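Here's the structure, in structure tokens; my notes come after.
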Amino acid sequence: MDYGVKLSGEAYDQRVVALHENLPPVLSPEMEREVRRQELDAMIDYRLGCDFPREKREQLWKIQEEIEKKRISLMFKYLFKRLFKKPFIHSAQNLAGYLVDEYAKVLSRQELEMFFGKEEVSDPALPVESGHF
């Protein structure tokens, strides 16, 4: 897969920092959405390449918006983690698998591994340990 130049780790970090540098303390929903979109584009440029096709970027963005909705419900479970200990951990791990599965609808296996890493594609997981809850 050759999607042109990839951002270096340093260039990626600089781009993300610059994106957040002058943001107001409270973002409007539209601004928050735009920041998330630019973060995704930076990640794509870093992991896949700056020439990654626009139409695939759009498809991944739609997936990210759906994931965001699920993330919000997961945050509520986290807030009540003492009541929902097992459901929270299970939901967090399911979210990781769901993300990889959804991206697999857009990306080839090779692209998935470039974006997430081989291990994460084979066994999606979030860094959530049951002993910490």
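Any residue in region 113-133 that is more than 17 Å from residue 100 (Cα to Cα) and part of a helix (DSSP H, G or I) sitting within a Cβ distance under 9 Å of a residue that is at pLDDT below 90 and aliphatic (A, V, I, L, M)? List the pairs, counting only those 6 or more apart or interchain.
Taking only residues 6 or more apart or on different chains, the pairs are 130/89.
Would you point out the residue of region 85-112, among those that are of a type in the set (A, V, I, L, M, F, W, C) and assigned to a helix (DSSP H, G or I), that is modelled with the highest pLDDT?
112
So which helices (runs of 4 or more DSSP H) stay within region 6-84 end to end and still have 2 or more residues that are at pLDDT below 95 and open to solvent by less than 30 Å² (accessible area, probe 1.4 Å)?
54-79
The values are calculated or read from the model by the stated rules, or taken from the named source; none is laboratory data. From a predicted model like this one, the values you see are computed outputs, not experimental measurements. Please note: Cβ atoms are built from the backbone with ideal geometry, for glycine as well, and neighbour counts cover all protein chains shown. SASA here: full protein model, heavy atoms, side chains in, ligands and nucleic acids out. Shrake-Rupley method; radii C 1.70, N 1.55, O 1.52, S 1.80 Å.
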